[in-house]
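The values are calculated or read from the model by the stated rules, or taken from the named source; none is laboratory data. The shown structure was predicted, so the numbers you read here are calculated from the model rather than taken from an experiment. For neighbour counting, all protein chains shown are included, and Cβ atoms are generated from backbone atoms with ideal geometry for every residue, glycine included.
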Amino acid sequence: MRNVAIAGFGQSHFVKSRTDVTFPELVREGATLALDDAGITMADVQAVVFSMAPDALIGVGHGERWCVEAVGAQGKPFMRINTGGATGLTAVQAGYMHVASGLFDVVLVAGADRVSEQLSAQSMLNKMWDTGYERLYPLNTITMLALSAQRYNDKYGATEEDMALVTVKNRRHASLNPYAHLRTPVTVDDVMATRMISWPLKLADLCPSSTGAASVVLVSEEYAKKLNTRVAWVRGIGQCAETIWMGDRVGPAALQDHADADSLATAMQRSYDQAGVTNPREQIDVAEIYAPFSSVELHVIEAAQLSPLGESFTRMAAGEFALGSEGTVVNPSGGTLCTNPIAVTGLVRAGEVYLQVTGHAGDRQVQDASVGLASSIGGDHQFYASMVLANHLEEIS
Amino acid sequence: MFPSAAVVGAFSSPYAARVEDRSLEEMVFAVTKGALADAGLTIADIDAVILSTHDQATGRVIESMVTNGPSGGVDRDVTTLASSSEHALCYANLRILAGQSRRVLVVGWGKPSEAVDPSHPDRLTAEPFFLRPLGFRSSVAAGLQASAYASRYGLDEGALAALRTSRARASERMHGLPDGHFDTESDTDVVAWPLTEADLPRSCDMAAAMVLVHPDEVTSDQTAAWITGLGWATDGYEIADRDLCDLDSLRVAMKMALRGRSIEDFDVVEMTELSTVGSFIAAEAMGLASVGAGASVVSRTTPAVNPSGGNLLANPGNVAGFMRLLQAAQQVRGKAGAAQVEPMPRSSVGVATHGFAGQGNAVLTFGASRNEV
């Protein structure tokens, strides 16, 4: 199998709104940053993968076609991925496939999002459910994950204060990340004082609607040698999907449990198997996991086998997973909870791991990080992607 | 590297201008089941599912959420391609070449009848600053392309009429419809000059699925279409920056897929036709006709062009290009039904085109045997 590496990453400073650029201009901003980081130009790119979640978020159908010039893709192979919130990391996996296939040596994965720039993201996201049944409830991503949080807390005994600790950790991390959207540190009391949105989720348990761009450059081993730059090797990838029906995630016949992230655990195991990761708690130095709400991070940590089931919140309360702690540091960038430009959120997870394992993560650097995990989630907690990256091609020990 | 993969199963739903007795999910389930049965496999044999969506066409924000289950995607590795259905097939090839999959199910669908008017979501694909306020949409783009061609080379009205009739007769045979179902001469109202209703694709609902496997996974009881070439490319979005009388991205995709071969080396071509005149332009870019003489494609018999009738009379939205590739594969499998070319072709080319005035193109070539490469 051909070795593939991330050789460049660029991200804009994520904010609520950008009125200084059009969507293609925003995409170009992220693409240019990644190409500069890799030390190449658009002329060097042989194919482009576009990372774009629901068209409705930007109000343009097939918005990727509008951006072809912005990413210099004229006359080149070009395709778009959309697995909802999982899109960004699935797109990086698609870039990996391009290079690993042997058909290409240099592939750009580019995208952007402007989540806050329509009247109501949640009203729009309600339209992702089936027309005759669940859409009418009305469900949105907050009420959908509130049901998951209720089930998790009931199953394992976690509390709203336990969830608040996730926000406290991630906001502290984000304060060290100049690209993050929400960078103000908060306390548990601050979180508990925010208004209830959908029990048990309060405002500070939720991600913001972010605007910004991000891109990565993927290259073959042969090309990486020519570039002579820092790279993060893609050591393992995995994906898995669940049923759309949340009612089928409960009860004795359920394939997956809505309290947990069972299919994400499957996706992660697939990436671990390919990478040769046998003991994630010992072997994964840093994890950038897609968790848009505080409650989600708890069960994603468990899906990643960084904690036994139902124990992540007690371990977090003991100080684990934070910058400076022993063991795997989770979301040193502040994660999705502090920055969520949906189309590229998963891509940023891979990019942040690239920065960590190459030692260029600035104030949020995890000391001596060499192996990292990135993950993403899309649909109604339905589409999952996972990727293991490392700064070497040796056996992961 | 080639054959990169083999098509061992294919299935599509019957022609219907508007499917009212089945939901989208039921249509997807039926073709998934049909393609697997054609391959002699079960969903348990599949290690990756690739879906193709066009969200706004049916008003679903993430359309693949509801179709993932009926495609057998639960508890499986699933990827959704949203740029165009043919890219799902390209991606299946990449997965197999990359060593990440051995047996891949690819599912696509188009149910434009779910929109009040299919042109409404189409208009949303125009960027909001300049084109959308003008009412720009696919038919307008096709009209501009045709008028540019007419201005430079003139239009052969006889060839246009012959093309319309040829495609209508083939479509009627293909879909088991009575003669005259498609009355190609009655729609003479100009939609976008110089194109009339009869010159533009006619919408229908359809779902389709294909099973692609690693070449070493093909068993003796399977009938394979070996994928001998693969190419895809895009042009820029701004049509003012393109030569509308040519399709640069199709030329790039053809070169990538043909790998030094000539279009003359193939027995059958199944190609997307964005309009009658668009067909002439595509034929020129493919090397089926010389520049400015695209109308000659109407009388070509070698290779046979669109024996299935193509998409002019049966255009299933997002899956229009996918269907062309499926039909090209079915020809070398000997499973093209009423469209089957005799004697059975040894090789075929499928061309899928999408976007305003054919912004993007994908080409797959197929062989009847593994050593057809």
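A:A110 meets the conditions (1) among the hydrophobic types (A, V, I, L, M, F, W, C); (2) away from chain B (no Cβ under 14 Å); (3) over 19 Å from A:C207 (Cα atoms) in every case but one. The failed one is (2). Set side by side, the residues B:G40, B:G34 differ, and just one is at positive phi and surrounded by fewer than 22 Cβ atoms within 10 Å (Cβ to Cβ), which is B:G40. Listed conditions (1) touching a Pro at 6+ places or on another chain (Cβ under 6 Å); (2) farther than 21 Å from B:M286 by Cβ are all met by B:T228, apart from (2). Could you grab the pairs with beta carbons closer than 6 Å, sequence gap of 6+ or different chains, first residue in segment A:126-143 and more than 21 Å from A:A86 (Cβ to Cβ), second one polar (S, T, N, Q)? Once the first residue is more than 21 Å from A:A86 (Cβ to Cβ) and sits in segment A:126-143, its partners that are polar (S, T, N, Q) give A:P138/A:N126.
Given the options B:N361, B:N371, name the one that is polar (S, T, N, Q) and surrounded by fewer than 18 Cβ atoms within 10 Å (Cβ to Cβ).
Of the residues listed, the single one that is polar (S, T, N, Q) and surrounded by fewer than 18 Cβ atoms within 10 Å (Cβ to Cβ) is B:N371.
The condition (being small (G, A, S) and modelled with pLDDT of 95 or more) is satisfied by just one residue among B:A115, B:A57, B:A88: B:A88. None of A:Y290, A:Y384, A:Y354 is touching a residue at least 12 places away in the same chain (Cβ under 8 Å), surrounded by 24 or more Cβ atoms within 10 Å (Cβ to Cβ), assigned to a loop (DSSP other than H, G, I, E, B) and not β-branched (V, I, T) except A:Y290. Within segment A:1-56, the residues that satisfy the criterion of being more than 23 Å from A:I342 (Cα to Cα), within 14 Å of chain B (Cβ to nearest Cβ) and polar (S, T, N, Q) are A:N3, A:Q46.
Scanning segment A:148-198 for residues that are within 16 Å of A:F321 (Cβ to Cβ), more than 19 Å from the chain's Cα centre (by Cα) and small (G, A, S) yields a total of 2.
In this structure, does B:S171 turn out to be without any contact (Cβ under 8 Å) to a residue 60 or more places away in the chain and in a helix (DSSP H, G or I)? Answer is no for this residue.
At least 1 residues being within 7 Å of chain A (Cβ to nearest Cβ), more than 21 Å from A:V109 (Cβ to Cβ) and in contact with a helix residue (DSSP H, G or I) (Cβ under 6 Å, 6 or more places away or on another chain) is the threshold, and among the helices (runs of 4 or more DSSP H) wholly inside segment B:33-111 those reaching it are B:55-58, B:64-68. Here B:T301 clears all of (1) modelled with pLDDT under 95; (2) in contact with a Gly (Cβ under 8 Å, 6 or more places away or on another chain); (3) outside any helix (DSSP H, G or I) except the condition numbered (2). You will find that of A:L373, A:L337, A:L389, A:L298, the residue that is in contact with a Cys (Cβ under 6 Å, 6 or more places away or on another chain) and not in a loop (DSSP other than H, G, I, E, B) is A:L337 and no other.
Among the conditions (1) assigned to a loop (DSSP other than H, G, I, E, B); (2) within 22 Å of A:K16 (Cα to Cα), the only one that A:D368 does not satisfy is (2).
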